[in-house]
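One structure is given below, encoded as structure tokens.
The values are calculated or read from the model by the stated rules, or taken from the named source; none is laboratory data. Because the structure is a prediction, the values reported are computed rather than measured. Cβ placement follows ideal geometry from the backbone for every residue including glycine, while neighbour counts extend to all protein chains displayed. Each accessible area value is taken on the protein alone, full model and side chains, heavy atoms only, with ligands, DNA and RNA left out. Shrake-Rupley method; radii C 1.70, N 1.55, O 1.52, S 1.80 Å.
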Amino acid sequence: MDIIKKRIGIVGGGQLGKFMILEAKRLGFYIAVLDPAADCPASSICDEQIVTGFDDPQGYFELAKKVDVITYEFEHINASALEVLEKEGHVIYPSVASLKTIQNKHSQKKKLSENGVPVPRFAKVSNTEDIKTLGQTDNFGYPMMLKTTTGGYDGKGNMKIRNEEEIESAYKRLGGGKKELMAEEFVNFEKEISVIACRGIDGSRTIYPVAENIHSNSILDMTIVPARINEDAVSKAASIADKVMEVFEGVGTFCIELFVTKDGEIYVNEVAPRPHNSGHYTIDGCFSDQFENHIRAIVGLPFGSVRLISPAVMVNLLGKSNGAARLEGLEKAYLDPNVRVHFYGKRESEIGRKMGHFTVVDETTDGAVEKARKIKDLVRVVGT
Ligand code: ADP
């Protein structure tokens, strides 16, 4: 197949899908998107959209007929439909096997730990007694994390249990008895970091600089690059990320979220088989961004440079109120020429919804952080 004539199918037309298309269009690829929202962010720039739910197998079969390779922008999708297609010979990257393992937080952690990747201790729990046993001091102890094994994002599907009295309510709130749950040892981390890593069809790999992430209410608020951690932690994180790509035989861009403790221990929290919010800094901070290298990977092209051009800070723009989305303060933010604002094109703003982000670059990391804090007060997304 002539690479330049490739047609790419993307499951999901949110901001991640939209950024993939912007990069794919640089090379003139044809893009079809599957998304239930006719006005999703990718709708304005894709060639074709199949408007149907992420669980509708027919939508996937239709998509497969139109394209040479299928990829996806998030993991809560119909893996069984994709599995049928893969068996029929359709090309899907990352592979359905890796998607299925990663979709379930328990099977994901099991695969990682079996392959020697450091993860917090974890166990499936079937009832509150199991959690009580894990809460004993010679076991995980308290605090402890309780998580739904599937469907969680932005902290939805997680509860921190501080003591035995909190078990019952956490178990109920997460749907215990109906949903599969797992418990995890609580990691008293000093920093949360992430590594964006890419792997090609031929097994070649490239790894972006380590990013430091600051969350607010379990939603990513700010990403600082390079991460403010010592060199030993940087090289440990990079080698763990490289190992994760090998374990999953991932093709495309992945994100590996990690915890760093005070004494320099590093644990994998979560792997996403796709570009990630904490890799948005690569758009303005690196020569080739995470989306470009994802597209290059899935069509079999060599990677572009992941070099960080200068320190960068990315800040998410979450909706401040509900209603038709409006971006305020762009003129003021743009008085600094080292700022770039990305507005995703979601019609409706909702409180806490990811509506856009901005990146600021500077000669120093501290300088970029300082500027980002100021710009955060200038630009915002409201609902009119
Ligand atoms: P989601 O899939 O919803 O993003 P995560 O499992 O990544 O959920 O957890 C969200 C946040 O909860 C993490 O960024 C981290 O701050 C916290 N967290 C999750 N697991 C642990 C853990 N084992 N120890 C300490 N904090 C944790």
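Among the residues of the stretch 108-124, those identified as in contact (Cβ under 8 Å) with a residue 60 or more places away in the chain and part of a strand (DSSP E or B) are F122, A123.
Inside the stretch 261-300, can you point out the residues that are β-branched (V, I, T) and open to solvent by less than 10 Å² (accessible area, probe 1.4 Å)? Even if it seems obvious, please write down each step before you answer.
Just the residues of the stretch 261-300 that are β-branched (V, I, T), to begin with: 261, 266, 268, 271, 282-283, 295, 298-299.
I266, V268, V271, T282, I295, I298, V299 - these are the residues of the stretch 261-300 that are β-branched (V, I, T) and open to solvent by less than 10 Å² (accessible area, probe 1.4 Å).
The conditions are (1) within 18 Å of E270 (Cα to Cα); (2) in contact with a helix residue (DSSP H, G or I) (Cβ under 6 Å, 6 or more places away or on another chain), and V225 fails exactly one of them. Which is it? If we test V225 against (1) within 18 Å of E270 (Cα to Cα); (2) in contact with a helix residue (DSSP H, G or I) (Cβ under 6 Å, 6 or more places away or on another chain), just (1) comes out false.
Residues in the stretch 97-124 that are within 12 Å of the ligand (Cβ to nearest atom), more than 15 Å from K179 (Cα to Cα) and open to solvent by less than 30 Å² (accessible area, probe 1.4 Å): 5 in all.
Which of the residues that make up the stretch 341-368 are open to solvent by 10 Å² or more (accessible area, probe 1.4 Å) and under 21 Å from H215 (Cα atoms)? The answer is V341, H342, F343, E350, I351, G352, R353, K354, V361, T365, D366, G367. Quickly run through the stretch 205-232 and pick out the residues that are in contact with a Pro (Cβ under 6 Å, 6 or more places away or on another chain) and buried (at least 18 other Cβ atoms within 10 Å of the Cβ). Listed by number, the residues that qualify are P209, V225.
Which strands (runs of 3 or more DSSP E) does the stretch 125-191 wholly contain that include 1 or more residues that are surrounded by fewer than 17 Cβ atoms within 10 Å (Cβ to Cβ)?
158-161
Residue count for the stretch 68-96 satisfying the condition of being over 23 Å from the mean Cα position of the chain (by Cα) and open to solvent by 50 Å² or more (accessible area, probe 1.4 Å): 6.
For the stretch 231-290, taking the residues that are in a helix (DSSP H, G or I), in contact with a helix residue (DSSP H, G or I) (Cβ under 6 Å, 6 or more places away or on another chain) and away from the ligand (no atom under 15 Å from the Cβ), the one that is farthest from S98 (Cα to Cα) is identified as T282. Taken over the stretch 338-384, the criterion of being in contact with a helix residue (DSSP H, G or I) (Cβ under 8 Å, 6 or more places away or on another chain) and part of a loop (DSSP other than H, G, I, E, B) is satisfied by N338, Y344, G345, K346, D362, L378, V379.
Quick one: which of K65, K25 is farther than 25 Å from G279 by Cα and surrounded by fewer than 17 Cβ atoms within 10 Å (Cβ to Cβ)? It would help to see each step written out before you state the result.
Values: K25 fails: farther than 25 Å from G279 by Cα.
Criteria check complete, one pass: K65.
Looking only at residues in the stretch 305-315 that are touching an Asp or Glu at 6+ places or on another chain (Cβ under 8 Å) and open to solvent by 10 Å² or more (accessible area, probe 1.4 Å), the one that is nearest to T150 (Cα to Cα) is P311. Could you say whether any residue in the stretch 316-337 is open to solvent by 30 Å² or more (accessible area, probe 1.4 Å), in a loop (DSSP other than H, G, I, E, B) and either on the phi > 0 side of the Ramachandran plot or touching a helix residue (DSSP H, G or I) at 6+ places or on another chain (Cβ under 6 Å) (or both)? Within the stretch 316-337 (the criterion being open to solvent by 30 Å² or more (accessible area, probe 1.4 Å), in a loop (DSSP other than H, G, I, E, B) and either on the phi > 0 side of the Ramachandran plot or touching a helix residue (DSSP H, G or I) at 6+ places or on another chain (Cβ under 6 Å) (or both)), the answer is no, since none of the residues qualifies.
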